[in-house]
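The following block contains the structure, expressed as structure tokens.
The values are calculated or read from the model by the stated rules, or taken from the named source; none is laboratory data. For clarity, every value in this text was computed on a predicted model and none was experimentally measured. Here the Cβ is made from the backbone with ideal geometry for all residues, glycine too, and neighbour counts use every protein chain on show. Ligands, DNA and RNA are excluded from the accessible area calculation, which covers all protein heavy atoms including side chains. Shrake-Rupley method; radii C 1.70, N 1.55, O 1.52, S 1.80 Å.
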Amino acid sequence: MQKRITICFCIILFIIFSSEVMHVLLHPTYFPSISHFIAMAKAETLTFEVEDNFQKQTNRNRMYIYSANGMQLLNIPVKHGESPHQKFKDTKIDETFDWRKQHFKALEAAYRSSPFFDYFEDDIRDLFAKKHRFMMDLNFEAMEVINECLGVNFSYNKTTEYLHEVNNDIKDYRHLVNGKKDTTIIEPYTQVFEEKHGFINNLSVLDLLFNEGRYAADYLKKQKLV
């Protein structure tokens, strides 16, 4: 009887732990949202969709931060091709505007007084000092910078064709690229201006990084996604 109980218990444990193995599909975005990084932190295998078409008003070329006036949008201007179905991987950054200087100044103004901005400032500044031709290339490097700051290593694959449908064993989180469709509610953490505007949910992962430092890695693992 004891042997049977032990076997049953082992089977239950196997089911529990195997159910937590996640194969995740995401879009590469600009300094991704916290929900985006939660999905990455929970992924056993991670794949990025790189064969999609560019869509306006998504996090492909924008992020949200917490400024003294509340939520602030930082958007990167891009060049639009003649085709209405321009692939995101072929979308070039528009260098007509000095967006790099504007974005870093905005981050500096928003997070200079945060606990960990000084610690990660040089890593972020170095990224803005580079000139990327394609928006997607910048997004991948931005994620690599965040990974290094968090002290984590997320290995990933890239799609070779657009996945219209995915298998049941794959968690399709591509909808997270559209902030309006992202209904993730995260556990509150301390933010610089929360006494003025309250806690603002699911901003760019930079907000979490500057406020929590490397503790952010453990925070991400504890969060849940719908």
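Among the residues of region 98-117, write down those that are among the charged types (D, E, K, R), in contact with an Asp or Glu (Cβ under 9 Å, 6 or more places away or on another chain) and open to solvent by less than 70 Å² (accessible area, probe 1.4 Å). Outline the logic, then answer.
Restricting attention to region 98-117, the residues satisfying the condition of being among the charged types (D, E, K, R) are 98, 100-101, 105, 108, 112.
Checking which are in contact with an Asp or Glu (Cβ under 9 Å, 6 or more places away or on another chain) leaves us with 108, 112.
Result: GLU108, single match.
State whether the residues of region 206-224 include one that is outside any strand (DSSP E or B) and under 18 Å from PHE48 (Cβ atoms). Step through it out loud before you land on a result.
Within region 206-224, the first condition is being outside any strand (DSSP E or B), and the residues that meet it are 206-224.
Restricting the remaining residues to those that are under 18 Å from PHE48 (Cβ atoms) gives 220.
Yes, because at least one residue in region 206-224 is outside any strand (DSSP E or B) and under 18 Å from PHE48 (Cβ atoms).
Ok, one more. Residues GLU212, GLU165: which one is at pLDDT 95 or above and open to solvent by 20 Å² or more (accessible area, probe 1.4 Å)?
Unique residue meeting the criteria: GLU212.
Hey, another quick one. May I ask you to verify whether GLU148 is in a loop (DSSP other than H, G, I, E, B) and either under 20 Å from TYR64 (Cβ atoms) or touching a residue at least 24 places away in the same chain (Cβ under 8 Å) (or both)? So that I can check it myself, show each step before the final result.
Numbers: in a loop (DSSP other than H, G, I, E, B): no; either under 20 Å from TYR64 (Cβ atoms) or touching a residue at least 24 places away in the same chain (Cβ under 8 Å) (or both): yes.
For GLU148, the condition - in a loop (DSSP other than H, G, I, E, B) and either under 20 Å from TYR64 (Cβ atoms) or touching a residue at least 24 places away in the same chain (Cβ under 8 Å) (or both) - is not met.
Would you confirm, using the coordinates I've provided, whether GLY151 is surrounded by 14 or more Cβ atoms within 10 Å (Cβ to Cβ) and either in contact with a helix residue (DSSP H, G or I) (Cβ under 6 Å, 6 or more places away or on another chain) or closer than 30 Å to PHE193 by Cα (or both)?
Working: surrounded by 14 or more Cβ atoms within 10 Å (Cβ to Cβ): no; either in contact with a helix residue (DSSP H, G or I) (Cβ under 6 Å, 6 or more places away or on another chain) or closer than 30 Å to PHE193 by Cα (or both): yes.
Against the criterion (surrounded by 14 or more Cβ atoms within 10 Å (Cβ to Cβ) and either in contact with a helix residue (DSSP H, G or I) (Cβ under 6 Å, 6 or more places away or on another chain) or closer than 30 Å to PHE193 by Cα (or both)), GLY151 does not qualify.
Further, regarding this structure: Restricting to region 149-166, name every residue that is out of contact with any Asp or Glu (no Cβ under 7 Å at 6 or more places or on another chain) and within 17 Å of ALA39 (Cα to Cα).
Selection gives LEU150, GLY151, VAL152, ASN153, PHE154, SER155, TYR156, ASN157, LYS158.
Sticking with this structure for a sec: Just a yes or no: is a residue in region 172-192 open to solvent by 50 Å² or more (accessible area, probe 1.4 Å), closer than 20 Å to ARG60 by Cβ and in contact with a Leu (Cβ under 8 Å, 6 or more places away or on another chain)?
There is at least one residue in region 172-192 that is open to solvent by 50 Å² or more (accessible area, probe 1.4 Å), closer than 20 Å to ARG60 by Cβ and in contact with a Leu (Cβ under 8 Å, 6 or more places away or on another chain).
Consider GLU95 carefully, then state whether it is without any contact (Cβ under 8 Å) to a residue 40 or more places away in the chain, open to solvent by 70 Å² or more (accessible area, probe 1.4 Å) and either more than 28 Å from LYS196 (Cα to Cα) or part of a loop (DSSP other than H, G, I, E, B) (or both). Give the derivation first.
Numbers: without any contact (Cβ under 8 Å) to a residue 40 or more places away in the chain: yes; open to solvent by 70 Å² or more (accessible area, probe 1.4 Å): yes; either more than 28 Å from LYS196 (Cα to Cα) or part of a loop (DSSP other than H, G, I, E, B) (or both): yes.
Taking the combined requirement at face value, the residue satisfies it.
Looking at region 56-74 only, could you name the residues that are surrounded by 15 or more Cβ atoms within 10 Å (Cβ to Cβ) and closer than 20 Å to ILE200 by Cα?
Initial filter on region 56-74 (surrounded by 15 or more Cβ atoms within 10 Å (Cβ to Cβ)): 58-67, 72, 74.
Matches in region 56-74: THR58, ASN59, ARG62, MET63, TYR64, ILE65, TYR66, SER67, GLN72, LEU74.
Then there's this: Let me confirm something: among SER83, SER155, which residue is under 25 Å from ASP52 (Cβ atoms), free of Cβ contacts under 8 Å to residues at least 24 places away in the same chain and among the hydroxyl-bearing types (Ser, Thr, Tyr)?
On the way: SER155 fails: free of Cβ contacts under 8 Å to residues at least 24 places away in the same chain.
Answer to the check: SER83.
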